[in-house]
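Student: I have a structure I would like to understand better, so I am pasting it below and will then ask my questions one at a time.
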Amino acid sequence: MVRVLAKGSKRERSSFSGGLEICTLASMNAIVRPSSELALLTVWDLMEPMLTIRKNLSAYRAAVMAVDLVPRMVQDHDPHHGIFDALLTLLRISNGPDGHNQDSIVAGLAWYQWIVLVEIGAMPIFDSDVVTGALLEPSEVYGFSPELGGITQDPITSEYEHVSKSSTTVDGVWRVRSQTVDFFRSVGPHPDIDQFLREPVDRMLRSARLLSAFIQERTGSEIPSMRWLLNS
């Protein structure tokens, strides 16, 4: 991620084609200045304006949410090629024929959030109990601890109850269905987006909500662009 100053971008003969809009792809040149937090943007050559995103509310919400995660999860000048590729894939899905398909958008967003968490080293643990370290026993409902970053064996009846295992007590555990846990177990750290697109939309919606809530807990603040997904 590079923060830039687009000096002269509004001049009549500037080297910024197509304007600087959110959720667009361009080729850019910038001068990184060690003495400043802002690099100097010298060239912006628009390649993909992503016009469909601006014509469909669901596509726009997903695209803005995806872009919004970058400055919250990635450090400046810390290269994450996988996040860039995943973001571009999601924007193209939202901008293409599937941009009017709510199912594809939700599945793509769940996949993108998973990739972001993997890339920054915060992938939730789904294959063992994060409280005890033991393998999970079969269950219809598991607990998810955002504090510990993964699944715990004990099912709960309320989001506000404590989950205890041996002498350890964990606060703020969420209920998660076994189907969601089984799915994340199966995809691994580097899944293809098709693995998400093939799943039922209700499962992908639950998955996207779980990852969104986990990301908010990890960042320690509410992320306004997630409200439509968490409250829908």
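Student: Hey, can you tell me all the residues within the stretch 189-232 that are among the polar types (S, T, N, Q), touching a Phe, Trp or Tyr at 6+ places or on another chain (Cβ under 9 Å) and under 23 Å from Cys23 (Cβ atoms)?
Tutor: Hit for the stretch 189-232 is Ser207, nothing else.
Student: Asp45 is checked against (1) assigned by TED's automatic domain parsing to the domain that holds Ser207; (2) exposed (fewer than 14 other Cβ atoms within 10 Å of the Cβ); (3) at pLDDT 90 or above and fails just one. What number does that condition carry?
Tutor: The number of the failed condition is (1).
Student: Shifting gears a bit: Among the residues of the stretch 93-112, count how many are without any contact (Cβ under 8 Å) to a residue 24 or more places away in the chain and either surrounded by fewer than 17 Cβ atoms within 10 Å (Cβ to Cβ) or in contact with an Asp or Glu (Cβ under 9 Å, 6 or more places away or on another chain) (or both).
Tutor: Counting residues in the stretch 93-112 that are without any contact (Cβ under 8 Å) to a residue 24 or more places away in the chain and either surrounded by fewer than 17 Cβ atoms within 10 Å (Cβ to Cβ) or in contact with an Asp or Glu (Cβ under 9 Å, 6 or more places away or on another chain) (or both) gives 1.
Student: Do we find a residue being closer than 16 Å to Leu87 by Cα, among the charged types (D, E, K, R) and without any contact (Cβ under 8 Å) to a residue 40 or more places away in the chain anywhere in the stretch 17-38? Even if it seems obvious, please write down each step before you answer.
Tutor: Narrowing the stretch 17-38 to residues closer than 16 Å to Leu87 by Cα: 21-27.
Checking which are among the charged types (D, E, K, R) leaves us with 21.
From what's left, without any contact (Cβ under 8 Å) to a residue 40 or more places away in the chain: 21.
Within the stretch 17-38 (the criterion being closer than 16 Å to Leu87 by Cα, among the charged types (D, E, K, R) and without any contact (Cβ under 8 Å) to a residue 40 or more places away in the chain), the answer is yes, since at least one residue qualifies.
Student: Another question, then. Is at least one residue of the stretch 39-62 within 15 Å of the chain's Cα centre (by Cα) and of a type in the set (Val, Ile, Thr)? Lay out the reasoning, then the answer.
Tutor: First pass over the stretch 39-62, keeping only residues within 15 Å of the chain's Cα centre (by Cα): 59-62.
Now drop any that are not of a type in the set (Val, Ile, Thr), which leaves none.
Scanning the stretch 39-62 turns up no residue that is within 15 Å of the chain's Cα centre (by Cα) and of a type in the set (Val, Ile, Thr).
Student: Return the pair list, or none, for Cβ contacts closer than 6 Å from residues in the stretch 178-190 that are part of a helix (DSSP H, G or I) to residues that are among the β-branched types (Val, Ile, Thr), at least 6 apart or on different chains.
Tutor: Every condition considered, the pairs that remain are Val181/Ile151.
Student: For the stretch 202-227, which residues satisfy the criterion of being of a type in the set (A, V, I, L, M, F, W, C), within 16 Å of Arg61 (Cβ to Cβ) and assigned to a helix (DSSP H, G or I)?
Tutor: Taking the stretch 202-227 as the starting set, the residues that turn out to be of a type in the set (A, V, I, L, M, F, W, C) are 204-205, 208, 210-211, 213-215, 223, 226.
Subsequent filtering for residues that are within 16 Å of Arg61 (Cβ to Cβ) retains 204-205, 208, 211, 215, 223, 226.
Within the stretch 202-227, Met204, Leu205, Ala208, Leu211, Ile215, Met226 qualify.
Student: I would also like to ask the following. Just to be sure I understand, how many residues within the stretch 128-155 are assigned to a loop (DSSP other than H, G, I, E, B) and at negative phi?
Tutor: Quick first cut of the stretch 128-155, residues assigned to a loop (DSSP other than H, G, I, E, B) only: 128-140, 146-149, 153-155.
In the following step, the residues that additionally are at negative phi were identified as 128-132, 134-140, 146-148, 153-155.
The qualifying residues number 18.
Student: Could you tell me which of the residues Ser128, Ser186, Ser104, Ser145 is in contact with a Ser or Thr (Cβ under 6 Å, 6 or more places away or on another chain) and at pLDDT 90 or above? Walk me through it before giving the result.
Tutor: On the way: Ser128 fails: in contact with a Ser or Thr (Cβ under 6 Å, 6 or more places away or on another chain); Ser186 fails: in contact with a Ser or Thr (Cβ under 6 Å, 6 or more places away or on another chain); Ser104 fails: in contact with a Ser or Thr (Cβ under 6 Å, 6 or more places away or on another chain).
Criteria check complete, one pass: Ser145.
Student: So Met50 clears everything in (1) on the phi > 0 side of the Ramachandran plot; (2) of a type outside the set (Gly, Ala, Ser); (3) touching a residue at least 60 places away in the same chain (Cβ under 8 Å) except one condition, right? Which one?
Tutor: (3)
Student: Pairs needed: first member in the stretch 61-85, outside the structural domain of Met226 (by TED's automatic domain parsing); second member anywhere, in a loop (DSSP other than H, G, I, E, B); C-beta distance under 9 Å; at least 6 residues apart or different chains.
Tutor: Pairs that qualify, where the first residue is outside the structural domain of Met226 (by TED's automatic domain parsing) and the partner is in a loop (DSSP other than H, G, I, E, B): there are none.
Student: Could you list, in sequence order, all residues of the stretch 121-145 that are over 22 Å from the mean Cα position of the chain (by Cα) and either touching a residue at least 40 places away in the same chain (Cβ under 8 Å) or not assigned by TED's automatic domain parsing to the domain that holds Gln179 (or both)?
Tutor: Leu136, Pro138, listed by residue number.
Student: To continue, here is another question. May I ask you to list the residues in the stretch 1-34 that are among the acidic types (Asp, Glu) and either modelled with pLDDT of 85 or more or surrounded by 13 or more Cβ atoms within 10 Å (Cβ to Cβ) (or both)? Please lay out each step first, then the result.
Tutor: From the stretch 1-34, those among the acidic types (Asp, Glu) are 12, 21; that's our starting set.
Across the stretch 1-34, the qualifying residue is only Glu21.
The values are calculated or read from the model by the stated rules, or taken from the named source; none is laboratory data. Since we're looking at a predicted model, the values are computed, not measured. Virtual Cβ from ideal backbone geometry, glycine too; neighbours counted across all protein chains shown.
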